[in-house]
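Down below is the structure, laid out as structure tokens.
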Amino acid sequence: MFNLYIMDYKKQIKHPKWQKKRLEILERDEYTCRLCNDKDTQLHVHHKYYNNKIKYWEYSDNCYITLCKN
């Protein structure tokens, strides 16, 4: 069933629950890119897969990965 409460991308990435989850994942990964071990370049938290029926912060923690912008 389609979730009628899905927010658009911009709203989700600004939402406090996503910001909190993002910080939790950065801390878990010790502010380090999981591919190249870079700690100095800007870091992003990415989803390993997407499910359009849930919000960005509702995934299990193992779905997220910290990557540098490179």
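The values are calculated or read from the model by the stated rules, or taken from the named source; none is laboratory data. No experiment lies behind these values; they were computed from the predicted model shown. Counting neighbours? That spans all protein chains shown, and the Cβs are built from the backbone with ideal geometry, glycine included. All accessible areas refer to the heavy atoms of the entire protein, side chains included, with ligands and DNA or RNA removed. Shrake-Rupley method; radii C 1.70, N 1.55, O 1.52, S 1.80 Å.
With percent of Cα pairs over 20 Å apart defined as stated, name the option among (i) 21; (ii) 49; (iii) 31 computed from the structure displayed.
Only one listed value fits the structure, namely (iii).
Among Val45, Trp18, Ile65, whose Cα lies farthest out toward the positive end of the dipole of the chain, if unit charges sit on the beta carbon of Lys, Arg (+1) and Asp, Glu (-1)?
The listed residue farthest towards the positive side: Trp18.
Which whole-number value in Å² is the accessible area per residue of the chain, probe 1.4 Å?
Values: 5320 Å² over 70 residues.
Normalised by residue count, the accessible surface of the chain is 76 Å².
Express the carbon and sulfur contribution to the solvent-accessible surface of the chain as a percent, rounded to the nearest whole number, probe 1.4 angstrom.
Answer for the chain: carbon and sulfur cover 52 percent of the accessible area.
Only Lys, Arg, Asp and Glu count, each charged at its Cβ (+1, +1, -1, -1), so figure out the dipole size of the chain about its Cα centre, rounded to 20 debye.
Using only the charged Cβ atoms, the result is roughly 340 debye.
May I ask you to derive the relative contact order of the chain, considering only C-alpha pairs under 8 Å and at least 6 residues apart, and to give it as an integer percent? Display every interim value, and only then the final one.
Details: 75 pairs, mean separation 27.8, N = 70.
Relative contact order of the chain: 40 percent.
For region 12-24, take each phi angle, set θ = phi - 60°, evaluate the Karplus expression 6.51 cos²θ - 1.76 cosθ + 1.60, and give the result in whole Hz per residue in order, putting x for glycine and proline.
Working through the residues one at a time gives 5, 6, 8, 5, x, 5, 5, 4, 5, 4, 4, 5, 4 Hz.
Could you pull out every residue, at least 5 positions away or on a different chain, whose amide H is within less than 5 Å of the one on Asp38? Hs are placed 1.01 Å off N in the peptide plane, and Pro or chain starts have none.
Counting only residues 5 or more places away or on other chains, the set is Cys33.
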